[in-house]
Amino acid sequence: MPEREPILYVEPLPSSRQWVSQNLAISRTKAVTYVQSLFPIFTWIYRYNWTWFLGDMVAGVTVGVVVIPQGMAYAKLAQLPPEFGLYSSFVGCALYFMFATSKDITIGPVAVMSTLMGNILHDVLPHLPQYKDTPWVIAGCMSLVLGCIVTALGLLRLGFIVDFIPLPAIAAFMTGSALNIAMGQIPTLMGNNSVKGFNTRDPTYLVFGNFFKYIKHCNLNAAVGLTSLFLLYAIRAGCKYSARRWPKREKLFFFISTLRTAFVILLYTLISFLVNRNHRTSPKFSILGVVPRGFKHMQVPTVNSDILSAVAGKLPSAIIVLIIEHISISKSFGRINNYTINPNQELIAIGITNIFGPFFGAYPATGSFSRTAIKSKAGVRTPLAGVITACIVVIAIYALPPVFFYISNALLAAVIIHAVGDLVSTPTAIKMFWRISPFEFVIFWAGVLVSVFSSIDNGIYTTVAASAALLLFRIAKAQGKFVGTVRVVYDQPPAGTSSYPESRDIFVPLDHSDGSNPSVTPQHPQGGIFIYRLNEGYLYPNAVYFTDHMTAEVTARTRPGVANPYGSLGNRPWNDPGPRHKDDADVDMSLPVLRAIILDFNGVSNVDITSIQNLVDVRQQLDRYADRPVSWHFAGVKSPWIRRALVAGGFGSSSAATRTVFSVATVGALEHKGDQLLSDVKNANSQGQLLSDEEFISESFTSTQDKPGVANSTSFDTLNLPILSTDHPFFHIDLDEALKAAKLESDVVLKK
C-alpha cells in the first residue's frame, strides 16, 4: 500500500503558567517527598542488621582512636584549648548519621578549617579584648552562624553552587593550606616557636625565613618532634611495602598503618611521663598540660553585634572552606564506593552539626579527608558508625585527661604535619593539570603562591575569582564554526553483514578546527547558503561575538544584492567602503548573493532577550545587504522555550513559506481497533496538536473489516507522523533536513 501524506502537527508553545506549575507548584506529594529527604536515615535504618553492625563497629572504633589525637592537635591550630577538639569530634560524629547520604564521611575538626579559625581569632581578638581569655565564645558564635547559613543553602536546594568551584581551585586551596599549616607547625616541632617576635601566624614565607633566623633557639622538643615524625612515616612506608609483599595480609597491615598515630602518641606519652613526672611544673620539653574532664564548656552560644561585626568579613572564606572540603570528599568517596550523595542534604548535615556544636563547646567542623579514607578502608557499612566513634570520644573525654597531660606539643605538631602532607597535590596531578588545561594550571599556581605569600583566605578568593573570570571569558569568547558536508561510508561492513550500508552526509567545520583530517575537504553549500554551528549557549555575553564572526564571514564570501544602493558616493555612509562607483565594477560578480543561513542549535541550551534581539538586528542587517529577505533556518533546537523565544523574534516561519521538507516518523505493520484509533487521532486534533479532517484521516487507513482472519479492526501499512511542528517550516530536526529545505527554497526563488 502506498504511503499517505503526513498528518500535520502543531506544537503548542510553552507558557509561563506551565513553567510555574512544573517547577514551582508545590503539591502534597512534593511536600512529603521533600520532608522525607531531610531524614535519609529512615530509608535504611529499618534494614539494619548484625553484619552491618560489625562493620560499623570496626570502622567506628578505628576512626575513634585516630580522631582523639587529631582533634586535640587541630584545636591547637584554632588557638583553642585541646579539649575543644574533642568536643567538636563528638558532636560531628554523633549528629551526622541522622542526616547523612554518605556512609564514609566523618565530620569533625580538620586542619584547614582549624587554621582558618585560628587566623580569624588572631585577627579579631585585638578588637574584642573582652574575649581574650575566652576565645571559644567567638568560635562558637562563628560555628552557629556558619551552620545557619549552610543549612539555609541546603534547605533551598542551592548545593549546585559547589559545582562552580573547579578542581584546580580546590587543589590549589588544599595545597596552599597544607604548606601554610606545615610551615606553621615546624617551629613547634623544633621548639623555637616561643621566641619573642616569632609569629607563626605570619604568611608562610615569613615563617620560613624566621624559622632559620631563630634556629639557634631549637631545643629538646626537636628530638621528640623529629623522631616521632620519622616514626610515623616509617610505619606507613613499612606497612605499604608489607602489604605489597604479602597481599593476603593486606588488611592486617592496613589496620597497623591506620593505628600508627595512636601507637606513636602512646609511646611518646610514656616517654614524656617518665621524663617529666617529677617536673610537672617545669617539664623538660613542652607538654599539653591540664585537660579538663567532661564537657566543661557546655553553654548557650553567645551571639551579639560586636562579634558579628568583627567576623562578618571572614564568613565568605569560612563558608567556602566548610562546603568545599565536605562536598568534594563525600563525592569522591561516593564514586569510589559506587553510591551517590545528595549535596543539598550534605549541606544540611554539616549545617545542623555546626548549629548544635557550640552548645557542647564545639567550634566549626566539616568533613575530614584522612579520617574518611580510614573509615572507608576499615569496611564501614552505614553512617551509624559515627555514633560508635562518638562513644569512643566520650570515653576519652571522661577517662583519659590524666594521660593527655603528658602529651608533647612537638608530638602533636608532628601529627599535624604528617596529616596535612597528604593534602599537597602530587607532581603527577600537577602535570595532568598542564596537559589538560594550561590556563587552569596557571590558576592552580596562582592560588598556591597567594596562599604562601599572603594568607589562606586570599588564596581561596584568588582561585575562585580567577576560575570565574576564566569561565566568563570562555563563554564570552565562544566562537561558532562554519560547517560543510562530507560524504562518508563505513570503513568495514557492520558486524553480521557482508555489504556496505548506504553513504551519508556528515557536517564538519570547514577549517578542520575539530581535528578532522585536513586532507578531507568539506563541501561548502552552494547558492549563497551558509551553515553556522554555535558551540555554546547563545546568551548575552557571547551573542555579539557569535554574530560578528558569522556576519564578517558571510559578507566576505558573498556579494551585495545591489552593488551601490546609495546612488552616489556622497550618500554612502562613512564607514561603508563599498565599490567606489555606481556600477559593480569593484564587486566580484562570481560570488553568490546571500540567500539562506542555517544555524546549528544542537549545542545551545539557553537563549535570552539580548541574544534574540541581536539575532533580529543581524537579520535586518543581512536583509539590507542582500537586498532581499534572507531565510533563517534552525536545526537541532532542543527546548520548546528556545523555539518560543525564536518565534517571538519572528523566526521559524514567514507568511510566504510552508514546510516543504521535514522529518516524519513512520508507523506501520500494526493492527488496532479501527474505531479506537480514529477516536485517538480525532481527539488529538481537537486539542490542536494534529491538523487534519476526518476524510483525510480515513483515507490514511485501509479498512480490513470482513476480511478473513481479521474481525472488526482497522490495519494500515504506513502512517507518517511529523516530528516537529508543521506551522514553523524553518525549524528542522537536523542539519541534513535544514540544508535540503534551504536548497529547495533557493531553487524555487531562482526559478522565479
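The values are calculated or read from the model by the stated rules, or taken from the named source; none is laboratory data. Keep in mind the model is a prediction, meaning the values are calculated, not measured. All Cβ positions, even for glycine, are placed from backbone atoms using ideal geometry, and neighbour counts span all protein chains on display. We work out accessible area using only protein heavy atoms, side chains counted, and drop any ligands, DNA or RNA first. Shrake-Rupley method; radii C 1.70, N 1.55, O 1.52, S 1.80 Å.
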**Item:** region 225-336, accessible area per residue, ligands and nucleic acids excluded (1.4 Å, Å²)
**Value:** 56
**Asked** Taking N as the number of residues in the chain, what value does Rg over Cα atoms divided by 2.2 N^0.38 Å take?
**Response** 1.30
**Using distinct alpha-carbon pairs, which all enter the 1/r mean, Kirkwood radius of region 229-286 in Å** = 13.0
**Message:** At a 10 angstrom cut-off on C-beta neighbours, averaged per residue, how do the peptides 246-252, 471-477 rank from highest to lowest?
**Reply:** 471-477, 246-252
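Hey, what's the Cα Rg ratio for region 92-208 versus the globular rule of thumb, 2.2 N^0.38 Å?
Against the empirical 2.2 N^0.38 Å value, I get 1.30 for region 92-208.
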**Request:** Note down the accessible area of HIS122, probe 1.4 Å, to the nearest 10 Å².
**Result:** 70
**Request:** Give the peptides 721-729, 105-113, 194-202, 346-354 in descending order of average Cβ contacts within 10 Å, highest first.
**Result:** 105-113, 346-354, 721-729, 194-202
**For ASP727, residues with placed amide H under 5 Å, excluding near neighbours** = GLU11
**Whole-number D in µm²/s for region 5-144 (Stokes-Einstein; Kirkwood sum over Cα pairs; 4 °C, 1.567 mPa s)** = 66
**Message:** Could you compute the net charge surrounding ASP123? Neighbours are other residues with a C-beta less than 12 Å from the C-beta of ASP123; K and R count +1, D and E count -1.
**Reply:** +1
**Message:** Probe radius 1.4 Å, ligands and nucleic acids left out: which of LYS375, LYS76, LYS213 has the largest accessible area, and how do the rest follow?
**Reply:** LYS213, LYS76, LYS375
**Complete:** Among TYR406, PRO518, GLN130, the residue whose Cα sits farthest towards the positive end of the charge dipole of the chain, when +1 is placed on the Cβ of each Lys and Arg and -1 on the Cβ of each Asp and Glu, is TYR406
**Request:** Of all alpha-carbon pairs in region 373-469, indicate the percentage at a distance above 24 angstrom.
**Result:** 53
**Request:** Just read off the accessible area of TRP136 with the full protein assembly in place, 1.4 Å probe, to the nearest 10 Å².
**Result:** 50
**Message:** Could you sort MET98, MET183, MET432 by their accessible area in this structure, using a 1.4 Å probe and putting the largest first?
**Reply:** MET432, MET98, MET183
**Asked** Just going by the charge dipole of region 198-266, with Lys and Arg at +1 and Asp and Glu at -1 on Cβ, which of SER257, LEU231, TYR241 is farthest out on the positive end?
**Response** TYR241
**Request:** Towards the positive end of the charge dipole of the chain, with charges on Cβ (+1 Lys, Arg; -1 Asp, Glu), say which of ALA182, PHE473, ALA543 has the farthest Cα.
**Result:** ALA182
**Asked** Tally Lys and Arg at +1 and Asp and Glu at -1 over the other residues with C-beta under 13 Å from the C-beta of MET174: what net charge comes out?
**Response** -2
**Item:** the chain - mean residue ellipticity at 222 nm from DSSP helices (-39,500 (n - 2.57) per run, n ≥ 4, rounded to 500)
**Value:** -16500 deg cm²/dmol
**Message:** So for the chain, averaging the separation of alpha carbon pairs under 8 Å that are six or more residues apart and normalising by length, what relative contact order in percent results?
**Reply:** 20
